[in-house]
Amino acid sequence: MLSRFARPATVAARRQPLVWSVQRRGFASHQDATYPQVPYEKAKKVGNKRFSQFDLEGKVFVVTGGGRGLGLCMAEGLVEAGGRVHCFDQAPRPPKTFEEAKARAKDGSGGTLEYHQVDVTQNDALEECIASIAAENQRLDGLIAAAGIQQVTSALDFKKEDIMKMLEVNYTGVFLSARACARQMLNYKTQGSICLIASMSGTIANRGFIAPVYNSSKAAVVQLTRNLAMEWGRMNPDGSGGIRVNSLSPGHIVTPMVEENFRRGEANREQWEDNSMLGRLSTPEEYKAAGLFLLSRASSYMTAHDMKMDGGTTAW
Ligand SMILES: NC(=O)c1ccc[n+]([C@@H]2O[C@H](COP(=O)([O-])OP(=O)(O)OC[C@H]3O[C@@H](n4cnc5c(N)ncnc54)[C@H](O)[C@@H]3O)[C@@H](O)[C@H]2O)c1
């Protein structure tokens, strides 16, 4: 029955909504084309392996910001599962933390850890280094984009150059890293997985912690995730594509970045602990399994998702 507010529609107007919805969602083109579907990669040899879906043997990964902190720890997680991992960071020589992790990597998982001096804001160097890693291995399977910087300054005092620097590393650097890796995954037809490190601070303003640009740069990473996932998720007729993109949003982690906040008196440790439902801060090791999950076929049906691991901080 027509409601008393409804007007009788013309034939053309009645047809239009259907046409619009078909075009908007792209159904028409997907029905017309013979789209190959992203294959679910079955285990080749499970043997007596436990949780073979997490096995990364023979797979090749890039981790930016992998010289220390969260990036390095997540890189170690991939190595422990058998991955061949290339860490990018700014320092010309690998930091001591990296050398220690590399020594641990020799303990028989089959995985390897390599260091490259690459600034993620330098597009040509980034593209070149990622292309040469992919060419050497004839594949690239994934990226963890963890390079990031932070600056605690009030919005009224933030210098324009500092805003641009922060966005250049935290947003543009993540974009460029993801794009350079996706280019090689498409090139070598590997159905890779990308994990962009965002933050719970991309969703909330941390009470009392004055970091307006950092927080909004992380919100941008969460939104970038959805858009890249949309662009690269489908298989192409030539067998490339099927790339998954997710973000990981950690809560407060005790890394050199955060230790610096405490040292400078920019953050109150007790208050941060109290903000978490678990009553404590996290350690980088607690994100290793999440990184492995996101980059392995254990998460094969997960894309465009922001995975929060924040001890419940954003939930109350
Ligand atoms: N520590 C936390 O509480 C926390 C919480 C949520 C998210 N994060 C995010 O996790 C990521 C890692 O942070 P962290 O706490 O380990 O910090 P960190 O400072 O200990 O490590 C960051 C690494 O990124 C590198 N880096 C910075 N700029 C770079 C550039 N232009 N090119 C290449 N490398 C660059 C640094 O040299 C450093 O090794 C960051 O994206 C950060 O925003 C951290």
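Taken together, the values in this text are just the output of simple stated rules run on the coordinates, not laboratory data. What you see is a predicted model, and the numbers here were worked out from it, not measured in a lab. So basically every Cβ, Gly included, is an ideal-geometry build from the backbone, and we count neighbours across all protein chains shown.
Here the label points at residue 155 and residue 189, each 7 Å from Cα along the C-beta direction, are separated by 5.1 nm in the simple model. Residues considered: 85, 38, 63. Largest GNM mean-square fluctuation over the chain, using C-alpha springs under 10 Å, is found at 38. Quick one: among 208, 111, 71, which has the greatest mean-square fluctuation in a GNM of the chain with alpha-carbon springs under 10 angstrom? Checking each option, the largest mean-square fluctuation is seen for 208. Computed over the Cα atoms of segment 189-285, pair by distinct pair, the Kirkwood hydrodynamic radius stands at 15.3 angstrom.
Here the relative contact order of segment 173-264, from alpha carbon pairs under 8 Å that lie six or more residues apart, stands at 36 percent.
Please tell me which of these pairs span more than 29 angstrom C-alpha to C-alpha: 96/165; 165/308; 59/165? Over 29 Å Cα-Cα: 59/165.
Within the chain, what percent of beta bridges assigned by DSSP are antiparallel, to the nearest 5? Around 5 percent of the beta bridges assigned by DSSP in the chain are antiparallel ones. Largest GNM mean-square fluctuation among 207, 93, 244, using the chain with Cα springs under 10 Å: 207. Pop the C-beta distance of residue 103 and residue 230 into the FRET formula with R0 = 51 Å and round what comes out to the nearest 0.05. Plugging the Cβ-Cβ distance into 1/(1 + (r/R0)^6) gives 0.80. Normalising the average separation of contacting C-alpha pairs (under 8 angstrom, six or more residues apart) by the number of residues puts the relative contact order of the chain at 19 percent.
Here 166, 235, 74, 185 are placed in order of increasing Cβ neighbour count within 10 Å, fewest first, which gives 235, 166, 185, 74. Ordering 73, 181, 129 by the number of other Cβ atoms within 10 Å of each residue's own Cβ, fewest first, gives 129, 73, 181.
Computed from the C-beta positions of residue 262 and residue 219, the FRET efficiency with R₀ = 22 Å rounds to 0.35.
The shape of the chain comes out oblate: with a ≥ b ≥ c from the C-alpha gyration tensor, a/c is at least 1.5 while a/b does not beat b/c.
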